[in-house]
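Let me begin by presenting the structure, written as structure tokens, before commenting on it.
The values are calculated or read from the model by the stated rules, or taken from the named source; none is laboratory data. Computed from a prediction, not measured in an experiment: that's the story for all the values here. We place every Cβ from the backbone using ideal geometry, glycine too, and count neighbours over all the protein chains shown.
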Amino acid sequence: MTEYLAAGTGSDLLDWARSSGLEIVLLVIGAILFSRLTTFVRDRITRRIDSGFRSSDSLVRTEAAKHRHALAQVLSWLVLTIVYFLLTIEVLKRLGFELGGLVAPAAVIGAAIGFGAQRIVQDLLAGFFLITERQYGFGDVVSIAVTGQPEPAEGTVEDVNLRITTLRNADGSVITVPNGQIVKVTNLSKDWARAAIDVPVPATADITRINEILHEVGERAYQDGALKSLLLDEPSVMGVEDLTVDQMNIRMVARTLPGKQFDVGRELRARVAAALRREGLSESA
């Protein structure tokens with residue numbers, strides 16, 4: 001195209017539009033159609049995974065389903081990135097740019113950009129290992145320590161690709177974390193979880209009786225059909241966790257389905273509060 005512009009003739013420009021110009025239009029249209037097809041296939045796969053989960057009796061997604069969901073998102077992102085990169089090269093060729101002659105300046109520019117793009121490369125590598133090592137997947141509840149941030153990013157994983165991880169916290173806010181800045185990941189919903197409840201009681205209370213009450217609460221909770229479906233085994237009493245002059249904390253723990261520890265914890269606290277209130281003991285679990 002640069003040669004035709006230099007020539008400045010309308011006929012040459014028209015010839016270019018009929019050949020290379022038309023090819024560029026077709027390439028762009030083809031890339032757009034391919035992008036939509038890839039997105040359609042990805043969404044169909046993820047919907048099938050989600051529908052399989054909803055139609056089953058499972059209360060939580062399996063680790064394999066969460067990994068397949070994340071993998072579908074990553075692969076579609078990677079394929080589209082490659083397609084648009086190749087499209088850019090082909091368009092430049094048809095615009096008259098000699099890519100061979102751009103090797104030397106591209107090397108200089110690439111070296112300069114490389115220093116600024118180190119973080120992007122770091123994000124991509126970190127994302128690759130996050131996916132292949134199955135550290136977390138779509139729907140997992142995670143706590144992510146981020147470089148330079150005093151507080152971890154916490155929430156449910158809504159999207160994962162090679163560069164970023166997107167979370168939605170309890171307030172509904174969306175948090176975007178570059179994968180290269182992740183220092184530590186705490187997965188709160190992998191395989192199984194644990195609800196831990198510290199029950200504060202007066203220091204003068206009868207520990208034996210308190211333990212009996214908590215054991216009874218655990219037994220009744222495990223016999224409750226609605227709550228038992230979330231529990232992997234009967235809640236247990238660990239004993240005195242903390243002791244001060246005025247009060248002591250007795251810890252009760254329960255193994256739950258992944259991601260259900262919060263629901264179980266709230267229900268057990270309510271049951272413990274009611275049981276201790278019936279015994280005339282003031283507590284605020």
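Each row is one residue, and each column tells you yes or no for (1) modelled with pLDDT of 75 or more; (2) within 42 Å of the chain's Cα centre (by Cα); (3) among the β-branched types (Val, Ile, Thr); (4) assigned by TED's automatic domain parsing to the domain that holds residue 83.
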| position | (1), (2), (3), (4) |
| --- | --- |
| 6 | no, no, no, yes |
| 9 | no, no, yes, yes |
| 12 | no, no, no, yes |
| 16 | no, no, no, yes |
| 21 | yes, no, no, yes |
| 26 | yes, yes, no, yes |
| 30 | yes, yes, no, yes |
| 36 | yes, yes, no, yes |
| 40 | yes, yes, no, yes |
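Filtering segment 78-99 to residues that are modelled with pLDDT under 80 and surrounded by 16 or more Cβ atoms within 10 Å (Cβ to Cβ) leaves only 94. When 257, 230 are screened for being under 19 Å from residue 66 (Cβ atoms), modelled with pLDDT of 85 or more and crowded, with 18+ Cβ neighbours inside 10 Å, only 230 passes.
Of all residue pairs spaced 6 or more apart or on separate chains, those with beta-carbon atoms under 9 Å, a first member in segment 80-98 that is within 19 Å of residue 17 (Cα to Cα) and a second member that is β-branched (Val, Ile, Thr) and at pLDDT 85 or above are 87/28; 91/28.
For segment 195-209, the set of residues classified as hydroxyl-bearing (Ser, Thr, Tyr) and either on the phi > 0 side of the Ramachandran plot or surrounded by 13 or more Cβ atoms within 10 Å (Cβ to Cβ) (or both) is empty.
Pairing residues of segment 30-49 that are within 17 Å of residue 138 (Cα to Cα) with residues that are hydrophobic (A, V, I, L, M, F, W, C) and modelled with pLDDT of 85 or more, at Cβ distances under 6 Å and at least 6 apart in sequence or on separate chains, gives no pairs at all.
Condition check ((1) under 25 Å from residue 39 (Cβ atoms); (2) surrounded by 13 or more Cβ atoms within 10 Å (Cβ to Cβ); (3) assigned by TED's automatic domain parsing to the domain that holds residue 256) across all residues:
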position	(1), (2), (3)
118	no, no, no
126	yes, yes, no
152	no, yes, no
156	yes, yes, no
160	yes, yes, no
